[in-house]
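The structure appears right after this line, and notes come after that.
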Amino acid sequence: MSDRTPFSSGLDLTLDRDLGERLGLDAYRSDFQRYKEAITGRAGWKFERRQHFQELNSPSWEAFRRGDYDEALRLAVKRGEHWREVAREDKERDSVFHRVRVVEEPLTPYLWWELHSLRVQAESGMPVRVVGAGALEPWEGRGMLPEVVTLGGDVLYEVVYTDAGLLDGCVRFTGPELVGRWERFIEHLYADGEDVMSYTDRCLGPRPASRTTEE
């Protein structure tokens, strides 16, 4: 995992929500699926920054919250069949979806759980890499960077969460210059990152450091 800055710190990553369109959760999911299914021959990118979220409708996450770590991991592995199907569909469209996960150490309990889940995705053919938060310092002088997804150069979603970490929709942007700028940024982080399987082999212990109280 690298903390090295990927390229010029002068890159403007500002997202002015007044220039985007706010979408609720259902509208975001529908819009994302519509764009994703229409893309061929172009990549998708996800930048994940926050160190704690809450997961909706995830039996694995619920097991983790109960402290049943073995069951949480078993259920995460069970999702591999789903991720293999997603990877197969992406390959058919020649449209690979890449994820960059920012990690701060020591790991939060949530990240311990999520990194196991991301490893299952990677083993199923979904490319995931990890970068240290130090690589982001030039862009975080005024605060933490947002959660961002881009699809095929056509659309950028600033993914919105509640204070508790629950998914709450997005702000959608379609300006090609802005979308391209963020795609280049995430792509460079990805190129400089560590494969999630290598990272988890090195850094994940058999249990999280402490159980999350952010429930």
Exercise. Taking neighbour Cβ counts within 10 Å as the exposure measure, how do 108, 162 sort from fewest upward?
Worked result: 162, 108
Exercise. How many angstrom lie between the C-alpha centres of the range 105-151 and the range 1-71?
Worked result: 9
Problem set entry | Most fluctuating residue given options 168, 31, 18, as computed from a GNM of the chain linking Cα atoms under 10 Å | 18
Exercise. Going by the alpha-carbon gyration tensor, a ≥ b ≥ c the square roots of its eigenvalues, is the chain rounded (a/c under 1.5) or, if a/c is not under 1.5, prolate (a/b greater than b/c) versus oblate?
Worked result: rounded
Problem set entry | Global geometry of the range 1-115, whether rounded, prolate or oblate, following the gyration tensor of its Cα atoms and the 1.5 cut on a/c | oblate
Exercise. What order do you get for 1, 197 when you list them from fewest to most C-beta neighbours inside 10 Å?
Worked result: 197, 1
Exercise. What are the residues whose amide H is under 5 Å from the amide H of residue 44, where those residues sit 5 or more places off or on another chain and H is modelled from the backbone?
Worked result: 96, 97, 98, 152
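Which of the three applies to the range 80-160, rounded, prolate or oblate, going by the alpha-carbon gyration tensor with a ≥ b ≥ c and a/c under 1.5 meaning rounded?
It comes out oblate by the Cα gyration axes.
Each value in this text was obtained by applying a stated rule to the coordinates, not by laboratory testing. Note that the structure is predicted; figures quoted are calculated from it, not measured. Here Cβ is always computed from backbone atoms with ideal geometry, including for glycine, and neighbour counts include all displayed protein chains.
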